[in-house]
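Shown next, in structure tokens, is the structure this report addresses.
The values are calculated or read from the model by the stated rules, or taken from the named source; none is laboratory data. What you see is a predicted model, and the numbers here were worked out from it, not measured in a lab. Don't worry about glycine lacking a Cβ; one is built from the backbone with ideal geometry, like all the others, and counts go over all protein chains shown. Side chains are part of the model used for accessible areas, which takes the heavy atoms of the whole protein and leaves out ligands, DNA and RNA. Shrake-Rupley method; radii C 1.70, N 1.55, O 1.52, S 1.80 Å.
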Amino acid sequence: MVIVFWALAACGSRSGQLGLTPAEKALINGSDSLMRVLTIYDREDSLLLRDISVDFTDKDLRSDEFKALAAKMLYTVQDPSQDGVGIAGPQVGLNRRVVAVQRYDLPGEPFGVFPNVRLDSLWGEITPGPEGCLSVPGWAGMVPRYSNIIVSYKDPLTLDTIRERIEGFTAVIFQHEIDHLDGVLYIDRADSLWVDVR
Ligand SMILES: [Zn+2]
């Protein structure tokens, strides 16, 4: 405990978060644009996917490492080898609260990157829909999700906290990706699962 408190005092931000470690910086800087996506079929990967992710510090959000990570996550999720609609920090080996999500609710359906993201509330109809996951290749399942959510995240430029109401399929993607940050996979919530070889 003494070591933990010392570490918080030495490198923590006002909220007591810890900055990016040398190992995390090395992972970001050493990775190609196409990052390796962790899967549940590898023991080490699976343990990391099940761990709890923590926030970035304000300093980290303004760092070159965060810019590089955001760009590489966007490249990776959109690469034809993955072709996903969302990806979360743990899936590229970082237990940090960040997700990249395709915004089907916005004109042009752009991807966005959302650091220190949280689900503030969920409401509306709970409807099952088909889901897959880049970390569980070869499978798909029906997962019940809420129709409406409020998410909060930090703008990495202004460091303001942004809150947004989102509904529909984009709300489902956010629920799936934010689950990753709490070590939860869609297979934990699925009503049914099936082999999906494409
Ligand atoms: Zn996933």
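Summary of computed values
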quantity: Lone unmet requirement of (1) loosely packed, with under 15 Cβ neighbours inside 10 Å; (2) farther than 25 Å from GLU164 by Cα; (3) in contact with a helix residue (DSSP H, G or I) (Cβ under 8 Å, 6 or more places away or on another chain) for ILE52; calculated: (2)
quantity: Which listed residue is among the charged types (D, E, K, R) and in contact with a strand residue (DSSP E or B) (Cβ under 8 Å, 6 or more places away or on another chain), from ASP120, ASP83, ASP79; calculated: ASP120
quantity: Some residue of segment 106-116 being within 14 Å of the ligand (Cβ to nearest atom), outside any loop (DSSP other than H, G, I, E, B) and either in contact with a Leu (Cβ under 7 Å, 6 or more places away or on another chain) or farther than 21 Å from ARG189 by Cβ (or both); calculated: no
quantity: Residue among GLN91, GLN82, GLN78 that alone is closer than 15 Å to LEU27 by Cα and either open to solvent by 30 Å² or more (accessible area, probe 1.4 Å) or touching a His at 6+ places or on another chain (Cβ under 9 Å) (or both); calculated: GLN91
quantity: Qualifying residue in segment 136-152 (condition: within 26 Å of VAL37 (Cα to Cα), away from the ligand (no atom under 16 Å from the Cβ) and open to solvent by less than 40 Å² (accessible area, probe 1.4 Å)); calculated: yes
quantity: Where a residue in segment 49-71 is closer than 13 Å to ASN95 by Cβ and its partner, wherever it lies, is open to solvent by less than 30 Å² (accessible area, probe 1.4 Å) and of a type in the set (Phe, Trp, Tyr), with Cβ under 8 Å and at least six apart; calculated: PHE56/PHE66
quantity: Test for ASP179: is it of a type outside the set (A, V, I, L, M, F, W, C), within 13 Å of the ligand (Cβ to nearest atom) and touching a Phe, Trp or Tyr at 6+ places or on another chain (Cβ under 8 Å); calculated: yes
quantity: Given (1) within 22 Å of SER53 (Cα to Cα); (2) among the aromatic types (Phe, Trp, Tyr); (3) open to solvent by 60 Å² or more (accessible area, probe 1.4 Å), number of the condition TYR104 does not satisfy; calculated: (1)
quantity: Filter result for VAL184 (of a type in the set (A, V, I, L, M) and in contact with a Ser or Thr (Cβ under 9 Å, 6 or more places away or on another chain)); calculated: no
quantity: Yes/no for ILE28 being of a type in the set (Val, Ile, Thr), in contact with a Phe, Trp or Tyr (Cβ under 9 Å, 6 or more places away or on another chain) and either in contact (Cβ under 8 Å) with a residue 24 or more places away in the chain or farther than 13 Å from HIS180 by Cα (or both); calculated: yes
quantity: Subset of segment 173-198 [open to solvent by 30 Å² or more (accessible area, probe 1.4 Å) and closer than 16 Å to VAL98 by Cα]; calculated: ASP182, VAL184
quantity: The listed residue being under 21 Å from SER152 (Cβ atoms) and away from the ligand (no atom under 15 Å from the Cβ), out of ASP58, ASP79; calculated: ASP58
